[in-house]
Amino acid sequence: MATHTVRFKIKRQDGPTRADTQRWEEFDIPWHPQMNVLSALMEHRRNPVTVEGKTVPPVVWESVCLEEVCGACTMIVNGRVRQACTALVDQMPQPITLEPMTKFPLVRDLVVDRSRMFKDLQKVKAWVQLDGTHELGPGPRQSQENQETAYPLSRCMTCGCCLEACPQVNDRSDFIGPAAINQVRLFNLHPSGKMNGAERLEALMGEDGVAGCGKAQNCVEVCPKEIPLVDSIADVSRQTTKHMLFGWLLK
Ligand code: SF4
């Protein structure tokens, strides 16, 4: 039985084209031990009544894994972009404000459309190209050093925090952002992934590519997986310069 409540202030909008419905609503949500923002939203859904006593449609949000692996519940919590599943209510001042990310098209309330990130992964071919038509046997061995560099890079969950925090990602620029650049570093390190290394670098050689980084370094501050994004951007930047100068020798 809850003994007290937690106040939430939530930014809402009824749909992508309904800017006229944008508003803040406040809710007092029954507190439970170990409560996080997602469990508070689930509690709210049972009784969506504002502090003024008005019953409203429940707040819409997205979540899948509930353990900071999928990135679906990314939102702005008390002004900082993060996952709602790991935002513990007892560690935050109230009212706890919830807003949708601003660098992605809004779907409704706290849900945004992150598909640009997945299109960017396609653009840089963020995979190891194997067609599966014949048995290739065991792949080449990766050195211990390579594995240790690659593992942290592989932890990206496409959550979008780094794009949200990046000043170069805005409606006046097409900068691809740190996540896709980091994936180029990851797959260009892989002994088989290297085969498509030149194509990945070429995808990042336009104005919207790695040169669009303004070195603000916000990305590395907000990445929940502590991926060394600044190092990845510097590394891929070196690779693109080398490819631009000497890549033609390999053709
Ligand atoms: Fe999220 Fe970090 Fe991946 Fe950016 S690099 S999408 S912040 S996990």
message = List the residue pairs whose Cβ atoms are under 7 Å apart, where the first residue sits in the stretch 100-124 and is small (Gly, Ala, Ser), the second is open to solvent by 60 Å² or more (accessible area, probe 1.4 Å), and the two are 6 or more positions apart or on different chains.
response = none
ask   = Would it be correct to say that THR158 is among the hydroxyl-bearing types (Ser, Thr, Tyr) and out of contact with any Leu (no Cβ under 8 Å at 6 or more places or on another chain)?
value = no
So CYS65, is it without any contact (Cβ under 8 Å) to a residue 24 or more places away in the chain and assigned to a loop (DSSP other than H, G, I, E, B) = yes
query = Is there any pair with a first residue in the stretch 160-181 that is farther than 17 Å from VAL210 by Cβ and within 9 Å of the ligand (Cβ to nearest atom) and a second that is among the basic types (Lys, Arg) and modelled with pLDDT of 95 or more whose Cβ atoms are under 6 Å apart and which are 6 or more apart or on different chains, and what are they?
reply = GLY160/ARG114; GLU164/LYS103
remark   = By residue number, the members of the stretch 139-159 that are polar (S, T, N, Q), on the phi < 0 side of the Ramachandran plot and within 16 Å of the ligand (Cβ to nearest atom) are THR149, SER154
ask   = Within the stretch 73-165, which strands (runs of 3 or more DSSP E) (wholly inside it) include 1 or more residues that are open to solvent by less than 50 Å² (accessible area, probe 1.4 Å), among the polar types (S, T, N, Q) and not assigned by TED's automatic domain parsing to the domain that holds ALA180?
value = 74-77, 80-83, 96-99
query = Tally time: how many residues in the stretch 39-62 are surrounded by fewer than 20 Cβ atoms within 10 Å (Cβ to Cβ) and touching a helix residue (DSSP H, G or I) at 6+ places or on another chain (Cβ under 6 Å)?
reply = 1
task = Of the numbered conditions (1) farther than 30 Å from SER154 by Cα; (2) part of a loop (DSSP other than H, G, I, E, B); (3) touching a helix residue (DSSP H, G or I) at 6+ places or on another chain (Cβ under 6 Å), PHE27 fails exactly one; give the number of that condition.
result = (2)
inquiry  = What's the number of the only condition in (1) away from the ligand (no atom under 16 Å from the Cβ); (2) of a type outside the set (A, V, I, L, M, F, W, C); (3) in a loop (DSSP other than H, G, I, E, B) that GLU199 fails to meet?
reply    = (3)
ask   = Would the stretch 217-232 turn up any residue that is more than 16 Å from the ligand (Cβ to nearest atom), modelled with pLDDT of 95 or more and out of contact with any strand residue (DSSP E or B) (no Cβ under 6 Å at 6 or more places or on another chain)?
value = no
Residue match in the stretch 208-224 (condition: part of a helix (DSSP H, G or I), open to solvent by 40 Å² or more (accessible area, probe 1.4 Å) and touching a Leu at 6+ places or on another chain (Cβ under 7 Å)) = yes
note = Reported set for the stretch 1-23 where residues are in contact (Cβ under 8 Å) with a residue 24 or more places away in the chain and either in contact with a Cys (Cβ under 9 Å, 6 or more places away or on another chain) or open to solvent by 60 Å² or more (accessible area, probe 1.4 Å) (or both) is THR3, HIS4, THR5, ARG7, LYS9, PRO16
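The values are calculated or read from the model by the stated rules, or taken from the named source; none is laboratory data. Keep in mind the model is a prediction, meaning the values are calculated, not measured. Cβ atoms come from the backbone with ideal geometry, glycine included; neighbour counts cover every protein chain shown. The protein model used for the area step is the full one, side chains on, heavy atoms only, and it has no ligands, DNA or RNA in it. Shrake-Rupley method; radii C 1.70, N 1.55, O 1.52, S 1.80 Å.
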